[in-house]
Number of protein chains: 2
Amino acid sequence: MRDATLRDVAELAGVSARTVSNVVNGYAPVTEPTRVKVEKAIKELGYRPNVLARNLANGRSGQIAVVVPFLDVPYFSELLQAIIPRARERGYHVLIDQTDGDAAHERELIRRGARAALFDGMIYSPLGLAQEDLAESDPTFPLVLLGERSSNAFFDHVGIDDVEASRAATAHLIGLGRRRIAAIGDQPYPTGEAAQLRTLGYRQAHADAGLPVDESLIIQTLRFNRADGAAAMRALLDRDDPPDAVFGYNDTVALGALHEVLERGLRVPEDIALIGYDDIEEGRYANPPISTISPDKDAIATTAVERLLMRIDSKEPLPGIEVRASHRLIARQSTVGRAAPA
Amino acid sequence: MRDATLRDVAELAGVSARTVSNVVNGYAPVTEPTRVKVEKAIKELGYRPNVLARNLANGRSGQIAVVVPFLDVPYFSELLQAIIPRARERGYHVLIDQTDGDAAHERELIRRGARAALFDGMIYSPLGLAQEDLAESDPTFPLVLLGERSSNAFFDHVGIDDVEASRAATAHLIGLGRRRIAAIGDQPYPTGEAAQLRTLGYRQAHADAGLPVDESLIIQTLRFNRADGAAAMRALLDRDDPPDAVFGYNDTVALGALHEVLERGLRVPEDIALIGYDDIEEGRYANPPISTISPDKDAIATTAVERLLMRIDSKEPLPGIEVRASHRLIARQSTVGRAAPA
DNA sequence: CTGAAAGCGCTAACAC
DNA sequence: GTGTTAGCGCTTTCAG
């Protein structure tokens with residue numbers, strides 16, 4: 001049997017479509033008796049509004065897209081886990097896409113998606129796209145960018161203070177007496193901004209302590225995964241002058257490095273201390289548990305959704321703002337050893 | 001400026017809407033000259049079909065929903081990572097939702113989602129829902145269930161042979177000479193079917209080897225996460241007769257257990273051997289790397305999408321089939337120790 | 001407070 | 001081949 005439509009309900013209740021619509025959406029005030037009549041008809045027919053039609057009529061899709069480079073990177077799935085309920089609270093469904101860091105795909109998403117009416121706005125964690133690409137895109141499209149970046153006048157950015165966090169992570173290592181600290185995850189190309197900020201923090205910490213930076217200890221990786229971390233560590237350990245500490249630009253990289261260190265029979269943190277970035281659950285259960293920079297993921301998720309909906313609802317384009325969520329350093333066994341409190 | 005519509009294009013090209021639609025969708029044969037004219041007009045106006053309108057018109061949303069209990073469980077995100085591209089290849093977008101194992105929410109999704117026209121079908125990894133709940137739902141709704149389950153006449157199931165895989169995992173431990181093998185992750189309640197199948201395999205392996213099962217070694221957990229695994233292990237190690245091996249019902253549970261074992265200063269696998277289930281990347285980089293049952297995730301993803309689209313395209317309801325993807329046991333250091341090949 | 005009716009942008013019979 | 005046109009199901013202006 002065909003699904004019941006608004007019109008069917010109206011007919012059964014003996015009112016007009018307009019009234020049914022009002023009841024369903026709680027719009028205009030409706031007299032109690034008609035409300036009851038309509039609701040009875042709705043129940044009787046098992047009526048459910050067709051979202052598609054509703055969206056077509058009012059030009060909204062009721063969906064927001066969240067685009068991340070890789071879904072299986074724990075940081076992103078943990079963030080998504082926080083974003084989805086926030087969006088749902090506000091009546092939005094979340095369309096998820098992963099780009100594998102493919103710039104063409106990312107550009108395509110931004111450009112087409114909006115016009116296609118598939119989603120009303122987008123929360124986007126860029127990887128392949130450089131600032132210039134973004135500048136070209138339609139400034140009226142509701143877009144919130146994840147991660148700190150050099151400012152862009154049109155879109156919002158939500159992230160933590162990468163330079164400061166990285167400085168703190170490095171300083172933590174320096175404070176522990178380490179002097180040959182490797183940094184794994186630098187990315188020199190235009191799309192590696194987040195990585196570059198971390199490198200900046202790493203340098204600052206050295207400068208603050210009056211220590212020189214051994215450029216050969218700054219290792220570049222293409223992605224931010226376990227395999228890259230392990231490969232970088234392998235190279236580092238094969239050198240005549242291996243490092244005595246490692247700052248991984250995210251936890252996954254740090255965990256890959258940790259794996260390699262232990263594989264070689266070295267001790268953590270005695271021989272090599274390790275700190276990561278992101279505070280994914282996996283790091284808490286690693287052996288040993290790794291120290292890390294813990295961004296306030298809930299705040300990031302909440303703010304990103306908030307800002308996006310604000311942009312969607314706003315008639316005129318809002319200026320882009322920069323939101324900094326808080327973060328803190330969590331020292332675990334991988335830097336301070338067994339004695340330390342978890 | 002208002003976005004260009006089909007009608008605008010038709011006007012500019014001097015043809016009817018019908019023709020433009022034909023060109024856009026490549027439906028009916030169109031003469032070369034008109035095709036060119038229309039395409040030129042499309043380009044000139046920057047026309048993009050409005051997906052919403054198209055969907056409303058032909059009653060399809062072009063979206064499929066993938067519903068998992070928890071997004072931050074690596075197994076699910078790895079699976080999603082495989083599903084998304086498969087769906088995209090077939091022209092579908094993926095709407096992701098997580099239920100937190102909340103039965104009410106899961107039921108709601110199945111019931112409303114379809115009628116709401118938000119998605120054309122659903123790939124669903126049940127957790128809170130029991131078979132009875134599913135039986136009540138509309139059998140014409142295109143639905144593919146993830147994970148092995150006792151058969152249901154209406155829907156497809158895609159998974160690996162849980163009993164056999166669990167038997168193999170347990171037998172692996174027995175073959176290594178272990179005799180007090182704990183099983184962590186049993187779930188006795190109606191919605192814990194997958195867990196129960198694993199327990200069955202665990203028992204079978206013991207029966208095959210002529211070994212008795214110590215019921216007190218079968219530990220129940222509410223969820224399948226690291227914390228649960230760690231808690232279960234803690235209890236196990238506090239006993240006078242701790243186990244000499246552990247079969248974790250998934251890798252996360254096993255990793256939680258591993259963490260606890262090492263925390264106590266015990267050696268793996270010498271004191272306690274550990275095997276997990278799912279083969280998530282995290283397990284390969286754990287210290288030591290954990291042995292596991294590796295399901296063919298790509299096959300699962302591909303089959304699930306395939307079957308779902310088949311159901312969506314089919315006019316009459318298809319009978320439910322049971323698809324078994326392959327799996328294999330991967331022995332790593334957590335059971336066979338250092339000497340073994342990775 | 002409620003009814004009538006005009007779309008939202010596209011698809012697909014039904015003609016020509 | 002291509003034009004005409006009636007919907008898809010809902011929202012919403014404009015009357016009343």
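The values are calculated or read from the model by the stated rules, or taken from the named source; none is laboratory data. Just so it is clear, the structure is predicted and the values come from calculations on it, not from any experiment. Every residue, glycine among them, receives a Cβ derived from its backbone with ideal geometry; neighbour counts consider all protein chains shown. The protein model used for the area step is the full one, side chains on, heavy atoms only, and it has no ligands, DNA or RNA in it. Shrake-Rupley method; radii C 1.70, N 1.55, O 1.52, S 1.80 Å.
Below are the figures for this structure:
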| read-out | value |
| --- | --- |
| Of all residues in segment A:40-49 being open to solvent by less than 50 Å² (accessible area, probe 1.4 Å) and in contact with a helix residue (DSSP H, G or I) (Cβ under 8 Å, 6 or more places away or on another chain), the one that is nearest to DNA strand D (Cβ to nearest atom) | A:Pro49 |
| Cβ pairs under 9 Å, 6+ apart, first in segment B:18-29 and more than 7 Å from DNA strand C (Cβ to nearest atom), second not in a helix (DSSP H, G or I) | B:Thr19/B:Ala28; B:Thr19/B:Val30; B:Val20/B:Tyr47; B:Asn22/B:Ala28; B:Asn22/B:Pro29; B:Asn22/B:Val30; B:Val23/B:Val15; B:Val23/B:Val30 |
| Test: residue in segment A:292-304 that is within 22 Å of B:Leu258 (Cα to Cα) and either touching a Gly at 6+ places or on another chain (Cβ under 7 Å) or in contact (Cβ under 8 Å) with a residue 60 or more places away in the chain (or both) | yes |
| From A:Asp100, A:Asp72, residue being surrounded by fewer than 17 Cβ atoms within 10 Å (Cβ to Cβ), under 22 Å from B:Ala87 (Cα atoms) and within 11 Å of chain B (Cβ to nearest Cβ) | A:Asp100 |
| Every pair of residues 6+ apart whose Cβ atoms lie under 9 Å, when the first sits in segment B:188-204 and is within 20 Å of B:Val158 (Cα to Cα) and in a loop (DSSP other than H, G, I, E, B) while the second is open to solvent by less than 80 Å² (accessible area, probe 1.4 Å) and among the charged types (D, E, K, R) | B:Thr191/B:Asp133; B:Gly192/B:Asp186 |
| Evaluation of A:Leu52 against (1) under 30 Å from A:Tyr277 (Cα atoms); (2) open to solvent by less than 20 Å² (accessible area, probe 1.4 Å) (one fails), failing number | (1) |
| Among residues of segment B:289-298, those that are buried (at least 24 other Cβ atoms within 10 Å of the Cβ) and either facing another protein chain (nearest Cβ under 10 Å) or among the aliphatic types (A, V, I, L, M) (or both), counted | 2 |
| Count of residues meeting criterion [small (Gly, Ala, Ser), under 21 Å from A:Leu197 (Cα atoms) and touching a Gly at 6+ places or on another chain (Cβ under 8 Å)] in segment A:233-256 | 2 |
| Any hit, segment B:72-94, residues being more than 16 Å from DNA strand C (Cβ to nearest atom), within 25 Å of B:Met310 (Cβ to Cβ) and of a type in the set (Asp, Glu) | yes |
| Hits in segment A:265-288 (condition: of a type outside the set (A, V, I, L, M, F, W, C) and either more than 10 Å from chain B (Cβ to nearest Cβ) or free of Cβ contacts under 8 Å to residues at least 40 places away in the same chain (or both)) | A:Gly265, A:Arg267, A:Pro269, A:Glu270, A:Asp271, A:Gly276, A:Tyr277, A:Asp278, A:Asp279, A:Gly283, A:Tyr285, A:Asn287 |
| Selected residue (criterion: farthest from the other protein chains (Cβ to nearest Cβ)) from residues of segment B:40-69 that are of a type in the set (D, E, K, R) and more than 10 Å from DNA strand C (Cβ to nearest atom) | B:Lys40 |
| Members of segment B:75-97 found to be facing another protein chain (nearest Cβ under 8 Å) and open to solvent by 50 Å² or more (accessible area, probe 1.4 Å), listed by number | B:His93 |
| Residue satisfying condition, being over 22 Å from B:Glu148 (Cβ atoms), more than 20 Å from the chain's Cα centre (by Cα), within 13 Å of chain A (Cβ to nearest Cβ) and without any contact (Cβ under 8 Å) to a residue 40 or more places away in the chain, within set B:Leu255, B:Leu262, B:Leu237 | B:Leu262 |
| Given (1) buried (at least 20 other Cβ atoms within 10 Å of the Cβ); (2) within 30 Å of B:Pro142 (Cα to Cα), index of the condition B:Ile312 fails | (1) |
| Answer residue from segment A:3-39, given it is near DNA strand D (Cβ under 7 Å from one of its atoms) and within 14 Å of chain B (Cβ to nearest Cβ) and is modelled with the lowest pLDDT among those | A:Asp3 |
